[in-house]
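Asks: Here you go, one structure.
The values are calculated or read from the model by the stated rules, or taken from the named source; none is laboratory data. Note that this is a predicted model, so its numbers are computed, not measured. Glycine also receives a Cβ, built like all others from the backbone with ideal geometry; neighbour counts cover every protein chain displayed. Heads up: the accessible areas ignore ligands, DNA and RNA and are worked out on the full protein's heavy atoms, side chains in. Shrake-Rupley method; radii C 1.70, N 1.55, O 1.52, S 1.80 Å.
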Amino acid sequence: EGRIDVLVNNAYSAVDTLSESLGTPFWEKPIGMWDQVNNVGLRSHYVATSLAAPLLIKSGGVADGRPTPLVVLISSFGGLTYIFDVAYGVGKAAVDRMAADMARELAPKGVSVVSVWPGLVKT
């Protein structure tokens with residue numbers, strides 16, 4: 001039918017890298033660590049939601065009895081408090097902010113956006 005009712009952004013790629021570098025200060029880590037932590041867990045959430053938005057908007061059917069389309073961004077309480085390292089915390093804070101800003105822009109179109117903190121999840 002050319003619509004999306006639910007989009008869950010749960011991709012993350014740096015679980016092993018973070019555990020291997022635990023305790024190392026950010027200035028002693030390679031600069032590429034930032035990209036490894038945030039390219040998948042942050043950028044791909046943005047890209048997937050941007051590409052799905054037209055179909056999510058098309059799915060909005062409260063008037064015809066359909067549920068409100070929903071975007072879920074998987075994040076962590078690491079956006080509020082220190083966990084693992086600087087890149088992780090900044091990335092999770094950005095995911096939370098992205099969810100809030102996307103919600104503001106998509107709400108008038110009938111699409112809900114939330115950030116969910118499920119705890120430790122290996123993806």
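Asks: Just to confirm, what accessible area per residue do you get for the range 3-95 at 1.4 Å probe, in whole Å²?
Replies: 55 Å²
Asks: Just need the relative contact order of the chain here, percent rounded to a whole number, with Cα pairs under 8 Å and 6+ apart.
Replies: After rounding, I find 32 percent.
Asks: Which far-off residues, 5 or more places away or on another chain, put their amide H under 5 Å from the one on L7, with H placed in the peptide plane?
Replies: Result for L7 returns L70, V71, V72.
Asks: Quick check for me: using +1 on Lys/Arg Cβ and -1 on Asp/Glu Cβ, what's the dipole size of the chain about its Cα centre, in debye to the nearest 20? Can you show the working numbers first?
Replies: Working: 10 positive and 11 negative charges, 63 e Å.
The dipole magnitude comes to about 300 debye.
Asks: How would you classify the chain from its alpha-carbon gyration tensor, with a ≥ b ≥ c the square roots of the eigenvalues: rounded for a/c under 1.5, else prolate if a/b is greater than b/c, otherwise oblate?
Replies: Note, shape of the chain comes out prolate.
Asks: How large is ³J(HN,Hα), in whole Hz, for each residue of the range 23-28 in order, when computed from phi with the Karplus curve 6.51 cos²θ - 1.76 cosθ + 1.60 and θ = phi - 60°, using x for Gly and Pro?
Replies: x, 8, x, 4, 6, 9
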